[in-house]
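Peer 1: One structure coming up, written as structure tokens, with questions to follow.
The values are calculated or read from the model by the stated rules, or taken from the named source; none is laboratory data. Because the structure is predicted, anything quoted here is derived from the model rather than measured. Cβ atoms come from the backbone with ideal geometry, glycine included; neighbour counts cover every protein chain shown.
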Amino acid sequence: MEEQPIIIKRKKKVVGGHHGGSWKVAFADFATAMMAFFLVLWLTATATPEQKLAVEGYFKDPVGFTDGGSPNPVDLEGSASVIEEATQDQEASTIQIEDEVVDELADTLEQRRMRQLFQEFQERIENSDTLQEFKDQLLLDITDEGLRIQIVDRSGRPMFDSGRDELKYYSQDILFELAKKLGSVDNKISITGHTDATPFSGRPGYTNWELSADRANTARRALVAGGVRLEQIARVVGLSDSVLFDKDNPTAPVNRRISIIVLNKKTADSIETGAGRSDKPLIDLTRPTEEQEQQAREQLEDGEWFQPKEEPAPGELNW
């Protein structure tokens, strides 16, 4: 018979045993409750009777009070109102800043679009057989008004006959080729005619002003026939020799030119406003001024209007 092993269990005695950390949590809850209690006592002591009624109304009907009452029944010396006013001011300033940023971004995007159009027209001139032949007469640049394309005269190769407003056949081909690209953009277009300083003497009363305007209109008709939409035309102007290309040589052929500008939005809006297309008239001539109304009231009070004459003549109206 085998002997069973003897198992001896010894318990380890712990001196000053560990009580755990639950008391810390309980103490923290107690401290929080006491702080809330003293905060309620302070608010109760400082609140006005109206504010106490508002607090009472909130606890009686929180949902209904929130829908129709003030979110701040107790004003802690203006702290809540100050925060609300500061928030409103911040929102107003934020909206103003955002509007300015939007305008700047719009201008930047439009400038980028104009530079892109500049490159596209340069590529069209280089790749088109028609425009390639006359590229020395096509000048491109970007101005404050938009992308400008100038078709200038060269010695022995004018756009028009001297003193005439009919296009040469090759000038018409140039305008037709440019119109294909101009008609694909959404921008408005301005067309300006220029002459040199040589006085026109073809017929009485007809000057370089009339000639430059007629040439600009001829260019407009060619562009529309080539693909430019009628609603794209914003302005057709004749400037005679008032804006010379070569000021040192007023009679140089380069001064005789047609200028086509792909207008940016700011310039197009300015043209429409200047032409009278505005939401509000600058001066309402149909409405009397305040001074005129006051004068009319004084005359009515004094009885100056419609007073009878002393002795009206026979058959004369008594006004």
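Peer 1: Only one of (1) under 20 Å from residue 140 (Cα atoms); (2) in a loop (DSSP other than H, G, I, E, B); (3) within 33 Å of the chain's Cα centre (by Cα) fails for residue 236. Which number is that?
Peer 2: (2)
Peer 1: Let me ask you something else. Kindly evaluate residue 162 against the criterion of being exposed (fewer than 13 other Cβ atoms within 10 Å of the Cβ), without any contact (Cβ under 8 Å) to a residue 12 or more places away in the chain and among the small types (Gly, Ala, Ser).
Peer 2: yes
Peer 1: Enumerate the pairs (first residue in segment 245-256 and touching a residue at least 12 places away in the same chain (Cβ under 8 Å) and of a type in the set (Ser, Thr, Tyr); second residue anywhere and in a loop (DSSP other than H, G, I, E, B) and surrounded by 13 or more Cβ atoms within 10 Å (Cβ to Cβ)) with beta-carbon separation below 7 Å, excluding pairs fewer than 6 apart on the same chain, so at least 6 apart or on different chains.
Peer 2: The qualifying pairs are 251/196; 251/197; 251/198.
Peer 1: Additional query: Please enumerate the residues belonging to segment 239-266 that are of a type in the set (S, T, N, Q), in a loop (DSSP other than H, G, I, E, B) and buried (at least 17 other Cβ atoms within 10 Å of the Cβ). Spell out the reasoning first.
Peer 2: Looking only at segment 239-266, we keep the residues that are of a type in the set (S, T, N, Q), and these are 240, 242, 249, 251, 255, 259, 264.
Next, only the ones that are in a loop (DSSP other than H, G, I, E, B) stay: 240, 242, 249, 251, 264.
Across segment 239-266, the qualifying residues are 240, 264.
Peer 1: Working only within segment 192-215, note down all residues that are assigned to a loop (DSSP other than H, G, I, E, B) and of a type in the set (Asp, Glu).
Peer 2: Of everything in segment 192-215, just one residue is assigned to a loop (DSSP other than H, G, I, E, B) and of a type in the set (Asp, Glu), namely 196.
Peer 1: Among the numbered criteria (1) among the acidic types (Asp, Glu); (2) more than 28 Å from residue 207 (Cβ to Cβ); (3) touching a residue at least 24 places away in the same chain (Cβ under 8 Å), which one does residue 141 miss?
Peer 2: Residue 141 satisfies all of (1) among the acidic types (Asp, Glu); (2) more than 28 Å from residue 207 (Cβ to Cβ); (3) touching a residue at least 24 places away in the same chain (Cβ under 8 Å) except (3).
Peer 1: Answer with yes or no whether residue 216 is touching a Gly at 6+ places or on another chain (Cβ under 6 Å), touching a residue at least 12 places away in the same chain (Cβ under 8 Å) and small (Gly, Ala, Ser). Quick ask: steps written out before the conclusion?
Peer 2: Working: touching a Gly at 6+ places or on another chain (Cβ under 6 Å): yes; touching a residue at least 12 places away in the same chain (Cβ under 8 Å): yes; small (Gly, Ala, Ser): yes.
So residue 216 passes the test.
Peer 1: Out of segment 170-191, which residues are of a type in the set (A, V, I, L, M, F, W, C) and either surrounded by fewer than 21 Cβ atoms within 10 Å (Cβ to Cβ) or assigned to a helix (DSSP H, G or I) (or both)?
Peer 2: Here is the first cut: in segment 170-191, the residues of a type in the set (A, V, I, L, M, F, W, C) are 174-176, 178-179, 182, 185, 189, 191.
Hits for segment 170-191 are 174, 175, 176, 178, 179, 182, 185.
Peer 1: More than 24 Å from residue 268 (Cβ to Cβ), touching a residue at least 60 places away in the same chain (Cβ under 8 Å) and of a type outside the set (A, V, I, L, M): does that describe residue 148?
Peer 2: no
Peer 1: Got at least one residue in segment 199-207 being touching a Leu at 6+ places or on another chain (Cβ under 7 Å) and either at pLDDT 95 or above or surrounded by 19 or more Cβ atoms within 10 Å (Cβ to Cβ) (or both)? Can you show your working first?
Peer 2: Taking segment 199-207 as the starting set, the residues that turn out to be touching a Leu at 6+ places or on another chain (Cβ under 7 Å) are 200.
Going one step further and asking which of them are either at pLDDT 95 or above or surrounded by 19 or more Cβ atoms within 10 Å (Cβ to Cβ) (or both), we end up with none.
For segment 199-207, residues touching a Leu at 6+ places or on another chain (Cβ under 7 Å) and either at pLDDT 95 or above or surrounded by 19 or more Cβ atoms within 10 Å (Cβ to Cβ) (or both): absent.
Listed here are the residues, each with its yes/no results for (1) at pLDDT 75 or above; (2) touching an Asp or Glu at 6+ places or on another chain (Cβ under 7 Å); (3) among the hydrophobic types (A, V, I, L, M, F, W, C).
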{"site": "7", "(1), (2), (3)": "no, no, yes"}
{"site": "25", "(1), (2), (3)": "yes, no, yes"}
{"site": "36", "(1), (2), (3)": "yes, no, yes"}
{"site": "44", "(1), (2), (3)": "yes, no, no"}
{"site": "48", "(1), (2), (3)": "yes, no, no"}
{"site": "53", "(1), (2), (3)": "yes, no, yes"}
{"site": "69", "(1), (2), (3)": "no, no, no"}
